[in-house]
Amino acid sequence: MHVRRRLFLSGGIAFAALAAMPRALLAAAWPDKAFSLTAAGEAMKDLLGTDQTIASDKIMLKVPEIAENGAVVPVTISTSLENVESISIVVKKNPRPLAATFEILPGTLPDIASRIKMGETSDVMAVVKTDHGIYSTAKQVKVTIGGCGG
Amino acid sequence: MASNIKIKAKLSGDIADIKSLMIHPMETGARKDPDTGELVPMHHITQLTFTNNDKPVMVANFSTAVSKNPYFSFKFGGANAGDKLKVSWVDNLGRTDELETVLK
């Protein structure tokens, strides 16, 4: 009898810990559909409502010209465009082109850097959503050894 | 529990420059285990969230195409020494990790 009660109590504590998880983790939905789509245009339509972007020279996209290791390709994106809401990285030739998307919350600068996997030589596109339009710029990254596994 | 997240936070004026590195296999689900020949199941961070004094400042949504042991850096304004910066992530298997630090 005592053993069963102890087991029940520990289950209750675990549940309480889960319920107390920070709200930020549950707040903005992870765009699972956009991440699963296999065509860049479709992924952008799902995430941003359109695959049409305005080419902009106000987006600074830094990627290597040649990535020897496709598993770790550094990407840095910043922009002087105003009222940026999100920055997304789209790798046209990846099996699933939308690699990542970042919510630029109020007070946060439109300036991010990360590292992505590329399966083969491809254009890498930085897509910047603002309150007055969706802008983009792209650069080709040559990949000698693909990094998507398999 | 020890965190597998490392943060470097630099304050210049009221701009906080945050560099983060987290340990995570970021498996795509397409890689074969070289020993067994079986596909290694997809296991990747889905969402990474930063708050400063409990105010969300960044939400990063990752696919499997973010590199293993993700590196992520960003900047936000309105930051002050003494601010409590918290980073947390969740992955597709429901695992989580978090770290708190104070801006100097």
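All of the numbers you see were taken from the coordinates with simple rules; none came from a lab. Because the structure is a prediction, the values reported are computed rather than measured. FYI the Cβ positions are ideal-geometry reconstructions off the backbone, even for glycines, and counts take in every protein chain you see.
Table for the structure above
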read-out	value
Other-chain or far-sequence residues with amide H under 5 Å of residue B:58's (modelled H)	B:50
Pairwise FRET efficiency - residue A:39 versus residue B:32, Cβ, R0 = 30 Å, nearest 0.05	0.70
FRET efficiency, 1/(1 + (r/R0)^6) with R0 30 Å, evaluated for residue B:43 and residue B:84 via beta carbons	0.50
Gained length - residue A:58 relative to residue A:29, 0.36 nm times residue gap less alpha-carbon distance	7.6 nm
Integer Hz, Karplus 6.51/-1.76/1.60 couplings in order for the range B:40-50, x for Gly and Pro	7, x, 4, 8, 8, 5, 9, 9, 10, 10, 10
Spin-label model distance (nm) - residue B:11 vs residue B:100, 7 Å beyond Cα toward Cβ	1.7
D_trans [Stokes-Einstein, Kirkwood Rh over alpha-carbon pairs] for the range A:28-145, 4 °C, 1.567 mPa s, µm² s⁻¹	92
Normalised per residue, the volume of the convex hull around the Cα set of the protein assembly as shown (Å³)	151
Amide H partners (placed H, <5 Å) of residue A:115, local residues excluded	A:75, B:67, B:71
Using a Förster distance of 45 Å, the FRET efficiency for residue A:123-residue B:4 (Cβ separation, nearest 0.05)	0.85
Residue with peak Gaussian network fluctuation, chain B [Cα springs, cutoff 10 Å], from B:13, B:37, B:77	B:37
Amide H within-cut-off set for residue A:140, under 5 Å, with H built and near neighbours excluded	A:124
Rg followed by Dmax, in Å, when chain B is reduced to its Cα trace	15.6, 53
